[in-house]
Amino acid sequence: MRMLIRIRPDLRLANSTIADGSMKEAMERAHEQLKPEASYFLPQDGQRTALFICDIADESQLVALLDPFFSNLEAKIDVFPVMNFDDLRAGLDQLSRG
């Protein structure tokens, strides 16, 4: 299932991991493990934020994939199921067929 994963690390920890270079390593590891089809990095509500669009075959994978963000960055993480336009079209077709 396609998921939007929003990660907002603790500000103090993010500042220190940027200063010591480990944030770059953490983001590279996340990219390798999550294999996102898209990723974006932005300020949101005054916090550094990473957005990843990923295909997660089994929701249980989220535990191992996201734990480093909880453990190492004390991050706030939100996970949302999302659709692209083709997914939406297929869902609307199913609705119209009853």
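Here the accessible area of the chain is 55 percent carbon and sulfur, with a 1.4 angstrom probe and all protein chains present. A simple spin-label model places pseudo-atoms 7 Å from Cα toward Cβ; at Met1 and Lys24 they are separated by 3.7 nm.
Please compute the Kirkwood hydrodynamic radius of the range 2-96 from all pairs of different C-alpha atoms, in Å with one decimal. Please list the in-between numbers first.
On the way: mean 1/r = 0.0695 Å⁻¹.
Its Kirkwood hydrodynamic radius stands at 14.4 Å.
Model label sites at Ala57 and Glu37, defined 7 Å from Cα along the beta-carbon direction, differ in position by 1.6 nm. Only one residue of Ser39, Asn15, Gly98 has its Cα farthest out toward the positive end of the dipole of the chain, where Lys and Arg carry +1 and Asp and Glu -1 on Cβ, and that residue is Asn15. Before anything else, pin down the relative contact order of the chain: Cα pairs under 8 Å, at least 6 apart, normalised by residue count, whole percent. With pairs under 8 Å counted, the relative contact order is 45 percent.
Please calculate how many Å² of accessible area the range 2-96 carries per residue, with a 1.4 Å probe and no DNA, RNA or ligand atoms counted.
65 Å²
Glu59 sits with roughly 100 Å² accessible to a 1.4 Å probe, with DNA, RNA and ligands left out of the calculation.
The values are calculated or read from the model by the stated rules, or taken from the named source; none is laboratory data. It should be emphasised that the depicted structure is a prediction, and the values quoted were computed from it without experimental measurement. Note: ideal-geometry Cβ built from the backbone for every residue, glycine included; neighbour counts use all protein chains shown. Please note that ligands, DNA and RNA were not included when accessible areas were found on the heavy atoms of the full protein model with its side chains. Shrake-Rupley method; radii C 1.70, N 1.55, O 1.52, S 1.80 Å.
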